[in-house]
Amino acid sequence: MTGKSTQAELPHSIMSQIPESLESEIFKRKPYLKNYFSSTQTNNNLALLPSKSHWKSLENFSFSDFAVSRDDCIDYVSYNEKSLASSYDPTKQAERSLASIPFKPSDLVILLGLGNPILPHLTNIYLAKNPVILAIDAMEEIVPLLWSPYLISYLQEPGRHLFCGDKFIQLLWNYLDGLPIERLSGIKFIKNTASIQLAPEFYHEIETKIRELFSSKMSDLLTKFEFETLWTSNILKNSIRYFSTDHCYKISNLRSELSGIPAMLVSAGPSLRSTLPMIHAVRNKVFLLSCDTSLKVLLNSGIVPDAIYTLDAQMNSLFHFLGEDLSEIPIFADMVTSPYLLDSLRPKSVVYSMTAKFIQDARGEWKREVTSGGEIADEYLGEIGDIQSGGSVATTAFDALRYLGCEHVYFVGQDLAYTGREIHSTGTHHNEKWLSLVSRKQSLEKINEAVVRKRDTRYVESIQENKKVLTDYVLDLYRYWFEESASSIEGMQLVNLGRKGARIKGMINDSPENYEKYFREYKNHNFPWKMHPIWKAGKLDAIPTKEQNPHTKDSSNAKNLLKIKIWKDINDSLQLMKEIVKDENAISKIEAWFREKSYLKRIYRKSEIYIARHRDEMSDEKKKSLLLNSITKELSILKRKLYPMMDEDFFPG
């Protein structure tokens, strides 16, 4: 910084440049940063060299806090004597990078490569309103080298983080997993080309994975906007149904019960029909779990699954079951499943699960987030059983098998692609519906093609070596979820048995013709789970429980208490909205009110996020009016949906 080069030094020599109060404040708020200084290893290929521009060219920089003066040179990074930024004017280079990208204040900003040391500081100045800026570099050793004054001025601001080197990338994924997506509207990358050229695969993988993760989270948020009130309604209805209908259980009653038994998960991909002979051959060696869409294909082939999984909050899934006898098959259903669907199907029994997401923040703390309405179900039903979901029935069913204790899981029909430019296996409800539309002028292939062309399609690696297969945006999100799950689960063998579907990393991908080598060692299991009350449709008290919830000791009393609480909370909330119309502190009163009724809070999430994103453009009166109207509307809808269930004779016997 004073006209001579600086090699990457030992941590203590860097740390001594930091004012003690500033250092302690940054490390207090971002403790993971200390780990960059715990190693004594250095990278002698890295150096800081002075450019021809000076600190006095910068505005709004507090020189008193750092060991630089106005006449000192601004540095650039050199690696193996190759410049990673402009040696003449790195400031101008950084300004041009920032000016070339159209930013919004709600964008997530990612800096890829720290070869230009002044870029993080200028990003703070140019994008002061952006809530989150993340700096990423392939080299861990670059952090001590740039620490003072370059990185410390950047990290002073909240929402600014640093992830450099392979050791710290897992922290990046933890941070992004826990990042509230509702604060963000898009993602922008600022790339330092010279840094990226040193490790192109590292940066490409980081960028691709961040984009996939952001797309997945944004898709999840938009789904919540659309269905959160319906989910809340269904969870409340199913909580009442649990106490009102015979043969209702919780998946927690089965936790780890299938340990040592291999499982096969059947999905409805185009390759399913070709794997039916294999399923027949191994039927007595596996616990066979069918997704709702694949049920008809199995039953029409004489294969009766051990259980079916469904999670549709609407009645659309009814078509997958029409005409089928389910009296001997339990249905595993998420708590958001339509209770009217479950009443219509009359299965052997219903086993409820709860979709829950476990998020680890940058500090390493785990947080549990359940579906809207799940809080009150937890309170009255006790432990239901937390299952993670990637948005499809197959992703939920897979995590349920993990929960049940299955160490070996075999996937069939899990194409996650338009194998042969088909969408589903023949024999499914979708296929039956399209067959009814076939005519002399319109073939089944033409119908499939019309559907495919409406999708956001792309090519991905196929199970077949060195080949590609067509998929779409949504199916690719599911594939990404499976790959992330496979990489994070230990002690499980996951085998994807398909012909031409998408390759799923982290699993063994093989052809169904080779199935014998996987099942040779397994013996016929003789269906031991059929002695369980869930398959015998016995009484709940026949299942030994480790912990009894006070509400569940008397089912009749619990049902009445639950109804009274829900109805009272909704009516009291609607009354409050009327009373605070002219109250200046209405918004703070709403926050305090729903803090005590968290199971209702998320039904107005959409309006809450809209207000947060436009808080500078809206008056307080407009914010209040929008929030009150939204809450009143959603609560009124919820009240209408729940009203029939308040009748004692609503449920069938």
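The values are calculated or read from the model by the stated rules, or taken from the named source; none is laboratory data. For clarity, every value in this text was computed on a predicted model and none was experimentally measured. Neighbour counts are summed over all protein chains in view; Cβ atoms, including those assigned to glycine, are modelled from backbone coordinates with ideal geometry. Accessible surface areas use protein heavy atoms only, side chains included; no ligands, DNA or RNA. Shrake-Rupley method; radii C 1.70, N 1.55, O 1.52, S 1.80 Å.
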Please list 3J(HN,Hα) in residue order for region 309-324, calculated via the Karplus relation 6.51 cos²θ - 1.76 cosθ + 1.60 where θ = phi - 60°; whole Hz, with x for glycine and proline.
10, 9, 8, 6, 6, 10, 8, 4, 5, 4, 5, 6, 10, 4, x, 9
Over region 435-484 - Rg/Rh using Cα atoms and the Kirkwood inverse-distance radius:
1.12
Scale the Cα Rg of region 278-400 by the rule-of-thumb value 2.2 N^0.38 Å and send over the ratio, two decimals.
1.17
In nanometres, the difference between 0.36 nm per residue of separation and the alpha-carbon distance of L322 and I508 is 63.5 nm
Round to a whole number: what % of the accessible area of the chain belongs to carbon and sulfur, probe 1.4 Å?
48
Computed, not fitted: 222 nm per-residue ellipticity of the chain from DSSP H runs ≥ 4 (each -39500 (n - 2.57)), nearest 500, equal to -11500 deg cm²/dmol
Violating pairs (Cα-Cα greater than 28 angstrom) within the set K250/K367; K568/K606; K563/K622; K217/K468; K34/K217; K250/K285:
K563/K622; K34/K217
Would you work out the relative contact order for the chain, in percent, from Cα pairs under 8 angstrom that are 6 or more residues apart?
13
Taking one equal scatterer on every alpha-carbon of region 155-217, how large is log10 of I(q)/I(0) by Debye at q = 0.27 1/Å?
-1.47
Quick check: pseudo-label points 7 Å beyond the Cα along Cα→Cβ at H614 and V581, how many nm apart are they?
2.2
Taking Rh as the Kirkwood radius, which is the inverse of the mean 1/r over Cα pairs, what is the Rg/Rh value for region 71-229?
0.99
hull vol. (C-alpha, convex hull) per residue for region 487-533, Å³ -> 141
Segment A592-K34, extension gain: residue separation times 0.36 nm, minus the distance between their alpha carbons
197.1 nm
Just to be sure I understand the rule: take each whole DSSP H helix in the chain, project its Cα atoms onto its long axis, keep it if the span is 15 Å or more and its mean Kyte-Doolittle hydropathy is at least -0.5. Which ones pass?
200-244, 393-404, 473-488
Alpha-carbon gyration tensor eigenvalues x 5, square-rooted, for the chain, Å
50, 33, 23
Extending each Cα 7 Å along its Cβ direction at Q197 and A128, get the distance between those two points in nm, one decimal.
3.5
Projected-area mean, region 417-539, by convex hull of Cα positions, square nanometres:
12.0
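Around D292, what is the net charge, scoring Lys/Arg as +1 and Asp/Glu as -1 over all other residues with Cβ under 12 Å from its Cβ? Please report the intermediate quantities before stating the final value.
Values: positive: K296; negative: D312, E324, D334.
Taking every other residue near D292 into account, the sum is -2.
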Rg to Rh for region 227-277: what is it, with Cα atoms only and Rh by Kirkwood?
1.16
In Å², what does the accessible area per residue of the chain work out to with a 1.4 Å probe?
46
If you average the alpha carbon positions of region 519-533 and of region 158-214, how far apart do those two centres end up, in angstrom?
46
